[in-house]
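Chemist: Below is a structure I'd like to ask you about.
Values quoted throughout were computed directly from the atomic coordinates according to the rules given, and no laboratory measurement underlies them. The shown structure was predicted, so the numbers you read here are calculated from the model rather than taken from an experiment. All Cβ positions, even for glycine, are placed from backbone atoms using ideal geometry, and neighbour counts span all protein chains on display.
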Amino acid sequence: MAEEQADLSLLEPIFGEFEAQKGALIPVLQRAQGIYGYLPAEVLESISDRMGVPLSQVYGVATFYSQFYLTRRGRHIVRQCDGTACHVRGAAKIIRAVEKELGITAGETTPDYRVTYEVVYCLGSCGLSPVAQVDGEVVGRLVPEKMLDSLHILDMLENSIEAGATCIALRIEEDLKKDRLTIVVRDNGPGMSEEMAHKVLDPFVTTRTTRHVGLGLPLFAAAAERCNGRLWVEAKPGEGTTVVATFQNSHIDRAPLGNLPATIMAAILSEHLVDVSYKHTVDGRTFELDTAEIRRQLDPVPLSAPAARQWLESKLQEGLAGLQRPIP
């Protein structure tokens, strides 16, 4: 997938804030990386020019600190610990399973820039070993299958996008009294035949071109079954596709939902124009967000504009935080 030229106009607010300050190179690089996800060559050249810092010095700082990246990274960052405690409890098996699923080796990014997979040697959570971090959220006491579970919502959303859907509905219901978690992804894509809807649960069948087998849905189905639930696919040609997965919410093998704001933002900011309708319910309390309505209200400002993107992220984070607060 070819990399697009960075939109340097996004740097203007940063220059306006820091241009007159000496010694502000590191915060400028941090803010720039926050916008682009990494530091492209043209961004470093722009920073050098606008701040009056030699390009060699800019590169020197960007390459000295491990927090900076000069190559494009995935929209989601997965870090697997292989320190002593994690290694003796099977981290190597988890690493091999994830490498096989993603079709890359540790330290690489998937060709579609969906996931960057890294191996680190301490996440500070040895008591939960083997442990990993998915978009900043720690997932502990892993087995290979559980590590992959945390990527499934992202995988389903991106399946819909790659199929050509322009509208995706994500529904998550946590019924704590009934001890049931239900996840539904419905899209308006091309759909599929009933026969194919059954076949996509076969790990040796896939419609993707980025890997040879379709491990996403089969693994998700296996994860649901391990947690006393199930997964099924409903689809008709020309009428979109619906995937439903249920879990025993309290089951010890149920993986966390992961960083939902980051997952949803990845779909919203996809290179393909797609709207996401998100509804999340926890014991009767509901948070909803519909980008089609937000897009109409913001027109002509795109959702990818820095201010709009920041507002969306805050809205998602605040909405989910509200669902987790105890009922008075």
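Chemist: Hey, can you tell me all the residues within the range 20-55 that are loosely packed, with under 14 Cβ neighbours inside 10 Å and farther than 20 Å from A6 by Cα?
Modeler: Once the filter is applied, which keeps residues that are loosely packed, with under 14 Cβ neighbours inside 10 Å and farther than 20 Å from A6 by Cα, the range 20-55 yields A20, Q21, K22, G23, G52, P54.
Chemist: Given V138, V131, V143, V120, which one is more than 18 Å from L257 (Cα to Cα) and not small (G, A, S)?
Modeler: When all the criteria are applied, what remains is V120.
Chemist: Residue pairs, Cβ under 6 Å, 6 or more apart or interchain, first in the range 253-280 and farther than 17 Å from E162 by Cα, second among the hydroxyl-bearing types (S, T, Y). List them.
Modeler: From the range 253-280, the pairs are A255/S150; G258/S150.
Chemist: Can you confirm whether the range 60-68 contains a residue that is touching a Cys at 6+ places or on another chain (Cβ under 7 Å) and surrounded by fewer than 19 Cβ atoms within 10 Å (Cβ to Cβ)?
Modeler: Within the range 60-68, not a single residue is touching a Cys at 6+ places or on another chain (Cβ under 7 Å) and surrounded by fewer than 19 Cβ atoms within 10 Å (Cβ to Cβ).
Chemist: Looking for whichever is over 17 Å from the mean Cα position of the chain (by Cα), among the charged types (D, E, K, R) and over 15 Å from L157 (Cα atoms) here; the options are E313, E234. Which one fits?
Modeler: E234
Chemist: Let me ask something additional. Just give me the residues in the range 1-19 being touching a residue at least 40 places away in the same chain (Cβ under 8 Å) and surrounded by 13 or more Cβ atoms within 10 Å (Cβ to Cβ), in sequence order.
Modeler: Matches in the range 1-19: L10, P13.
Chemist: In addition: I need the strands (runs of 3 or more DSSP E) fully contained in the range 69-187, keeping only those with at least 2 residues that are hydrophobic (A, V, I, L, M, F, W, C) and within 22 Å of L217 (Cα to Cα).
Modeler: 76-81, 132-134, 167-175, 180-187
Chemist: Could you tell me whether the range 37-54 includes any residue that is out of contact with any Gly (no Cβ under 9 Å at 6 or more places or on another chain), in a helix (DSSP H, G or I), among the aromatic types (F, W, Y) and over 30 Å from G127 (Cα atoms)?
Modeler: No, that holds for no residue.
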